[in-house]
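Down below is the structure, laid out as structure tokens.
The values are calculated or read from the model by the stated rules, or taken from the named source; none is laboratory data. Keep in mind it's a predicted model, so treat the numbers as computed, not measured. Virtual Cβ from ideal backbone geometry, glycine too; neighbours counted across all protein chains shown. Heavy atoms of the whole protein, side chains included, go into the accessibility calculation; ligands, DNA and RNA do not. Shrake-Rupley method; radii C 1.70, N 1.55, O 1.52, S 1.80 Å.
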Amino acid sequence: MPERTPSNSDAGGERQLHLNAFLMSTGHHEASWRLPESDSFAGTQVAHFQRLARTAERGTFDSIFFADSPVLHGDVRQRPYGTLEPTLLLSAIAAVTKRIGLIATASTTYNDPYNLARRFASLDHISGGRAGWNVVTTAGEAAARNFSLDDQPAHWRRYERAAEFLDASRKLWDSWEDDAPVGDKAAGVWADSSRVHAVNHTGRYFRIQGPLDVPRPPQGHPVIVQAGSSEDGKDFAARYAEAVFTAQQTLAEAQRFYADLKRKTAAVGRNPDHVKILPGIVPIIGSTEKEARRLERELDELIHPEHARKQLAGILRVSPESLPLDAQLPEDLPSEDEIEGAKSRYTLIVELARRERLTVRQLIGRLGGGRGHRTFSGTPEQVADAIQGWFEKGAADGFNIMPPVLPSGLDAFVDHVIPILRARGLFRREYTGSTLREHYGLPRPASVFADGGPAAPVAPFADGGPAAPVAQAAPAVPDGAPEPTATTEPATPTKREFVVSEP
């Protein structure tokens, strides 16, 4: 690939990559915990994740990201599934980092706006303006049963609730104007109460008086991230997202997704450059292509076929017995319309298997590294070529880097791929901002209450409470569920030896 003149940011120079490190304890490959050097219990060790975050910050990544889900996924006999609550974990990481963005997943299906708005405002203050919220709805009966429900809410209802959830959260972040805290010791006035507002939100799902009990976040609003690639997911992202994590297997698919989401964003009156599209990539890096392929085989051979077949059957909504390991997928699979959650991931997996005529065993191997995200094995130069190709051909604004093994996979990327991307002028050599919004080149949103906006005095609701919810027409927002959230897992290995010639 040709080199470009290096620059440190998009502003005033050439377009620059955005890189996020998606961290799971021992890595994204489901067998990574079985490697001799992996620490099987790293998923609950704060020091392990602090070390990974510092490595990513040394590589000047825009952000790190943790997935989450309010349900125990999978069989704990087969791989580590214990996870720490990500906003708490990121608060501990904020204390040992200075610049890198901190993105946590949180569900709008099983939370309330006040709780999450407060939590992310707090993380933004704790980190000095580095917080991001990966907004997901949560599918599945198992999760519903953890919240006193017999069944999951309907697909469209989860997204309708998510839209109102975000609208209410933004009002809560705005309930304190930026200059409300004054700290005037002489006058004995800590804050200007005329600049602290009730939100008096009344909608179909929520009634919220406000104001928030946390001053306005340093970024105004934490950065909003979304994960999903269905048509409905793209509609939701176009309205709300500032970064989008997506799974795409081919350049043509990624280009179509990229162009369509940028078009949808412009159609709702937003600047398409203010939505960063970041496909996932699982880079398996070796000093030679042969070495990378060897590591990939080593990992794939450690997958439990029966466990993986059971997981695949759950995604496809069929019985494991209907998926013989050495046969192709059955023809009579459910349609995407019959899938209540993770529609785009379902379609991606089925199309991958059909397109390449994979057996179930082969498909399990392809999914073992990244659950449908693109896996790429090669030298640092080849990995850099793959990233540059998609970036320059209208398929991505950057990438969600998903190391198959941690910490060695992140170390290899930072030490051997990042220098190549920098030499080609594709990626920053140092941070030029201190907030996640600045890393992404995003504006800081103005408060809805600033400059004479809608006044809402801080006072109790009259007559015992807010008005009854207003009836609304059915969903003006997407029903496509975001990409499945993943659990975190362990890893504080003895470092895997990595030797590579100079780029």
**Study point:** Filtered residues of the range 270-291 (kept if touching a residue at least 24 places away in the same chain (Cβ under 8 Å), closer than 28 Å to Ala252 by Cα and surrounded by fewer than 21 Cβ atoms within 10 Å (Cβ to Cβ))
**Key:** Arg270, Asp273, His274, Thr288, Glu289
Check your understanding: Can you find a residue in the range 28-50 that is at pLDDT 90 or above and closer than 19 Å to Phe245 by Cα?
Key -> no
Exercise for review: Have a look at Ala162, Ala142 and point out the one that is closer than 20 Å to Ala67 by Cα, small (Gly, Ala, Ser), out of contact with any strand residue (DSSP E or B) (no Cβ under 6 Å at 6 or more places or on another chain) and surrounded by fewer than 17 Cβ atoms within 10 Å (Cβ to Cβ).
Suggested key: Ala142
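So that you can scan it fast, the table gives a plain yes or no per residue for (1) at positive phi; (2) crowded, with 24+ Cβ neighbours inside 10 Å; (3) of a type outside the set (S, T, N, Q); (4) modelled with pLDDT of 95 or more:
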residue	(1), (2), (3), (4)
Leu358	no, no, yes, no
Leu363	no, no, yes, no
Ser377	no, no, no, no
Glu381	no, no, yes, yes
Lys393	no, no, yes, yes
Pro404	no, yes, yes, no
Gly409	no, yes, yes, yes
Revision key, fill the gap. Of the candidates Asp174, Asp124, Asp178, Asp150, the one satisfying the condition of being over 28 Å from Arg239 (Cβ atoms) and among the acidic types (Asp, Glu) is Asp150
Review point. For the range 109-139, how many residues meet the condition of being surrounded by fewer than 19 Cβ atoms within 10 Å (Cβ to Cβ), of a type in the set (D, E, K, R) and part of a loop (DSSP other than H, G, I, E, B)?
Key: 1
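Taking the range 189-232, which residues are open to solvent by 70 Å² or more (accessible area, probe 1.4 Å) and part of a loop (DSSP other than H, G, I, E, B)? Steps first, please.
Looking only at the range 189-232, we keep the residues that are open to solvent by 70 Å² or more (accessible area, probe 1.4 Å), and these are 190, 193-195, 207, 213, 231.
Residue satisfying the conditions is Asp213 alone.
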Review point. Checking Trp176 against (1) in contact with a His (Cβ under 9 Å, 6 or more places away or on another chain); (2) over 22 Å from Arg204 (Cα atoms); (3) open to solvent by less than 10 Å² (accessible area, probe 1.4 Å), which single condition isn't satisfied?
Key: (3)
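For the range 365-375, enumerate the residues that are within 23 Å of the chain's Cα centre (by Cα) and at pLDDT below 70.
Arg366, Leu367, Gly368, Gly369, Gly370, Arg371, Gly372
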